[in-house]
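Working notes for the structure below.
The values are calculated or read from the model by the stated rules, or taken from the named source; none is laboratory data. Source: prediction; values computed, not measured. Cβ placement follows ideal geometry from the backbone for every residue including glycine, while neighbour counts extend to all protein chains displayed. Ligands, DNA and RNA are excluded from the accessible area calculation, which covers all protein heavy atoms including side chains. Shrake-Rupley method; radii C 1.70, N 1.55, O 1.52, S 1.80 Å.
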Amino acid sequence: MLGLVRRRRGARSGQGRAMSLPRLCLLMALALALAAVLAITLGETAFSLSQYGQALLQPASPPGEVLWTIRAPRVTVAALVGAALGMAGATLQGLLRNPLADPGVLGVSAVSGLGAALAISAGLAVLPGAIELSALAGALVAGGAVVVVAARFREPEALILFGVALSAFGGALTALVFNLSPSPVATAEILAWLMGSVENRDLMDALGALVPMAIGALLCLRAGAGLRMLTLGEDAARMSALPMARLRIYAVAGSALLTGAAVAASGVIGFVGLAAPHLVRALVRDDPKRILWPAALAGALLVVLADLAARMIPTEQELKLGVVTALFGAPVFALLAWRAARSWRS
């Protein structure tokens, strides 16, 4: 099972060449900026160099409308969603001391998707922001339940098992809502939400997600020092007066807010929180505190590139973002599970 496969302490730790945190973040930020430029300039509608110049000088021109009104907000939302999922994944992997953990393991994504599905089925899609608020409310409910469990039980296995059960329950209720959907239109909207996409997003969507993401990021960063100490083991961390209950609350609540805001902005997108921390883990020597910002930048880079691929792959209908991340993320998950299994056997 995902949560019960624990990597051996010290296995492969310290491998790779460490890099200073400012330099790593700068390199990741430059890569993200390059990807964002590509995502804004490339698309189904091709422009000449003169049209690109016109878009820069005259944002209200037709090329400028495409670049700055349609593509740029889409890229911004994609970057925010990826950053939120990347930091949430790194936080949970540090808290649970499991390289296979991701935001979906605690059930927050599933219950957040359930909130969106209920809003769509109830016909609230006509109200501005109703689906997003419902998704965020679902994430907060799930996060609150997980926080209670985290404060009540010390063992990470208990938290993982509760999250798996919550995820299964949320998925079952979502399937029930999908099955009882009152109209084909609502069914299609629920399916599209569950598959994840940043299509037709604007700057208001980005601004709406920014506040809960910022609060969640602050909570995760507040937990960073405790996560680093936790690598020595819970007994050693407790002997050093580390407040474990507070650490779990900060980490879980921060991850829940980040995940819920991401689902509210784009729908359910999987595997980003799992894969993003592993892209930079070796460069920070598996330090749970130093990995948070690089993992956020790596997640933003992954989602921006995945959304660009979704737009550029020649299909009759544009691929959903969640489909693209799953196609690339599932092999990564299989590789990580295989490596974890080998480490467990040795």
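Between Ala60, Ala88, Ala72, Ala46, which is free of Cβ contacts under 8 Å to residues at least 60 places away in the same chain, over 19 Å from Met312 (Cα atoms) and of a type in the set (A, V, I, L, M)?
Sole residue among the options that is free of Cβ contacts under 8 Å to residues at least 60 places away in the same chain, over 19 Å from Met312 (Cα atoms) and of a type in the set (A, V, I, L, M): Ala60.
When only residues in region 278-297 that are at pLDDT below 85 and assigned to a loop (DSSP other than H, G, I, E, B) count, which is surrounded by the fewest Cβ atoms within 10 Å (Cβ to Cβ)? Give the derivation first.
Going through region 278-297, the residues at pLDDT below 85 turn out to be 282, 285-286.
Filter once more, so that each one left must be assigned to a loop (DSSP other than H, G, I, E, B): 285-286.
Working: Arg285: 15, Asp286: 23.
Looking at residues that are at pLDDT below 85 and assigned to a loop (DSSP other than H, G, I, E, B), I get Arg285.
Please determine whether any residue of region 213-227 is surrounded by 15 or more Cβ atoms within 10 Å (Cβ to Cβ), closer than 28 Å to Trp293 by Cα and touching a Lys or Arg at 6+ places or on another chain (Cβ under 7 Å).
Within region 213-227, one or more residues are surrounded by 15 or more Cβ atoms within 10 Å (Cβ to Cβ), closer than 28 Å to Trp293 by Cα and touching a Lys or Arg at 6+ places or on another chain (Cβ under 7 Å).
From the list Ala18, Ala11, Ala46, Ala90, which one is at pLDDT 80 or above and either out of contact with any Cys (no Cβ under 8 Å at 6 or more places or on another chain) or not aromatic (Phe, Trp, Tyr) (or both)?
Details: Ala18 fails: at pLDDT 80 or above; Ala11 fails: at pLDDT 80 or above; Ala46 fails: at pLDDT 80 or above.
After ruling out the rest, the residue left standing is Ala90.
Out of Gly43, Gly113, report the one residue that is open to solvent by 10 Å² or more (accessible area, probe 1.4 Å) and within 28 Å of Glu132 (Cα to Cα).
Exactly one of Gly43, Gly113 is open to solvent by 10 Å² or more (accessible area, probe 1.4 Å) and within 28 Å of Glu132 (Cα to Cα), namely Gly43.
Name the single residue that is surrounded by the most Cβ atoms within 10 Å (Cβ to Cβ) among those in region 158-178 being more than 18 Å from Gly138 (Cβ to Cβ) and touching a helix residue (DSSP H, G or I) at 6+ places or on another chain (Cβ under 9 Å).
By that ranking, first place goes to Leu159.
Among the residues in region 36-47, are any among the aromatic types (Phe, Trp, Tyr) and assigned to a helix (DSSP H, G or I)?
Within region 36-47 (the criterion being among the aromatic types (Phe, Trp, Tyr) and assigned to a helix (DSSP H, G or I)), the answer is no, since none of the residues qualifies.
Looking only at helices (runs of 4 or more DSSP H) that lie completely in region 171-231, which have at least 3 residues being modelled with pLDDT of 90 or more?
Details: elements: 184-195, 203-222, 224-230.
It comes to 203-222.
Only residues that are over 30 Å from Val75 (Cα atoms) and either at pLDDT 85 or above or open to solvent by 60 Å² or more (accessible area, probe 1.4 Å) (or both): list them for region 140-150, please.
Keep residues of region 140-150 that are over 30 Å from Val75 (Cα atoms), which gives 144-150.
If the condition is that a residue be over 30 Å from Val75 (Cα atoms) and either at pLDDT 85 or above or open to solvent by 60 Å² or more (accessible area, probe 1.4 Å) (or both), then Ala145, Val148 are the ones that fit.
What about Gly267, is it within 30 Å of Ser20 (Cβ to Cβ) and either of a type outside the set (Gly, Ala, Ser) or open to solvent by less than 30 Å² (accessible area, probe 1.4 Å) (or both)?
Here the answer is no, as Gly267 does not meet what is asked.
Check Ala251, Ala275, Ala326 and return the single one that is touching a Cys at 6+ places or on another chain (Cβ under 7 Å) and assigned to a helix (DSSP H, G or I). Break it down stepwise before answering.
Working: Ala275 fails: touching a Cys at 6+ places or on another chain (Cβ under 7 Å); Ala326 fails: touching a Cys at 6+ places or on another chain (Cβ under 7 Å).
That would be Ala251, the only listed residue that is touching a Cys at 6+ places or on another chain (Cβ under 7 Å) and assigned to a helix (DSSP H, G or I).
As an exercise: evaluate Pro128 against (1) assigned to a helix (DSSP H, G or I); (2) over 27 Å from Met28 (Cα atoms); (3) open to solvent by 20 Å² or more (accessible area, probe 1.4 Å) and give the number of the one condition it does not meet.
Here Pro128 meets the rest and fails (1).
Scanning region 16-37 for residues that are of a type in the set (A, V, I, L, M) and loosely packed, with under 14 Cβ neighbours inside 10 Å, which turns out nearest to Asp287 (Cα to Cα)?
Step one: filter region 16-37 for residues of a type in the set (A, V, I, L, M), giving 18-19, 21, 24, 26-37.
Okay, now just the ones that are also loosely packed, with under 14 Cβ neighbours inside 10 Å, so 26, 30, 33-34, 37.
Working: Leu26: 18, Leu30: 22, Ala33: 25, Leu34: 27, Val37: 31 Å.
Once the filter is applied, the top-ranked residue is Leu26.
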